């Protein structure tokens with residue numbers, strides 16, 4: 001279906017698994033564009049400088065209030081837990097990987113429809129194969145303006161180097177041959 005269609009190119013291949021993308025970025029169907037926009041909106045829920053500044057400002061305000069000592073511990077704890085949840089990953093990897101999965105198609109997938117079943121199938125492939133995971137991560141960051149802006153200001157090479165080391169550590173090591 002897609003391999004012979006001149007409107008799509010092979011974006012990534014891992015063994016016999018092939019992912020395609022439109023030849024032109026404007027080649028996405030409107031339904032897929034909407035799904036990608038929704039994923040982009042979700043990406044904005046993570047931590048940002050502005051969100052972090054608002055949390056720390058509220059913590060300082062609470063700490064400086066002399067008459068609010070009864071609930072101070074609880075209030076600060078709620079803010080700290082919220083910060084911890086949002087900082088699990090400043091660039092939420094799951095969000096970026098979902099964006100990458102939405103942006104790419106498998107051969108049998110209809111590029112004019114968005115289906116959670118297909119997205120979940122691609123996410124399962126990413127869980128199985130670190131190469132696909134890395135491809136979706138890279139693709140998803142590129143398609144997510146919130147992350148792409150952060151990515152340009154971060155040290156991308158350092159990130160990928162650390163990530164590569166981590167992924168290599170997860171790969172099974174070859175077992176010695178018994179003679």
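A few points about this structure:
Yes/no per residue for (1) exposed (fewer than 14 other Cβ atoms within 10 Å of the Cβ); (2) modelled with pLDDT of 90 or more; (3) under 13 Å from the mean Cα position of the chain (by Cα):
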position: 84; (1), (2), (3): yes, no, no
position: 104; (1), (2), (3): no, yes, no
position: 113; (1), (2), (3): yes, yes, no
position: 120; (1), (2), (3): yes, yes, no
position: 124; (1), (2), (3): yes, yes, no
position: 130; (1), (2), (3): no, yes, no
position: 146; (1), (2), (3): no, no, yes
position: 152; (1), (2), (3): yes, no, no
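- Considering region 6-24, and only residues there that are under 13 Å from residue 111 (Cα atoms) and under 22 Å from the mean Cα position of the chain (by Cα), the residue that is surrounded by the most Cβ atoms within 10 Å (Cβ to Cβ) turns out to be 19.
- Checking residue 89 against (1) modelled with pLDDT of 90 or more; (2) within 22 Å of residue 127 (Cα to Cα), the condition it does not meet: (1)
- Residue identified as assigned to a helix (DSSP H, G or I), under 21 Å from residue 134 (Cα atoms) and modelled with pLDDT of 85 or more among 13, 98, 32: 98
- Selection over region 25-37 of residues that are out of contact with any strand residue (DSSP E or B) (no Cβ under 8 Å at 6 or more places or on another chain) and surrounded by 12 or more Cβ atoms within 10 Å (Cβ to Cβ) gives a count of 7.
The values are calculated or read from the model by the stated rules, or taken from the named source; none is laboratory data. In this text the structure is predicted, and so the values were computed from the model without any measurement. Don't worry about glycine lacking a Cβ; one is built from the backbone with ideal geometry, like all the others, and counts go over all protein chains shown.
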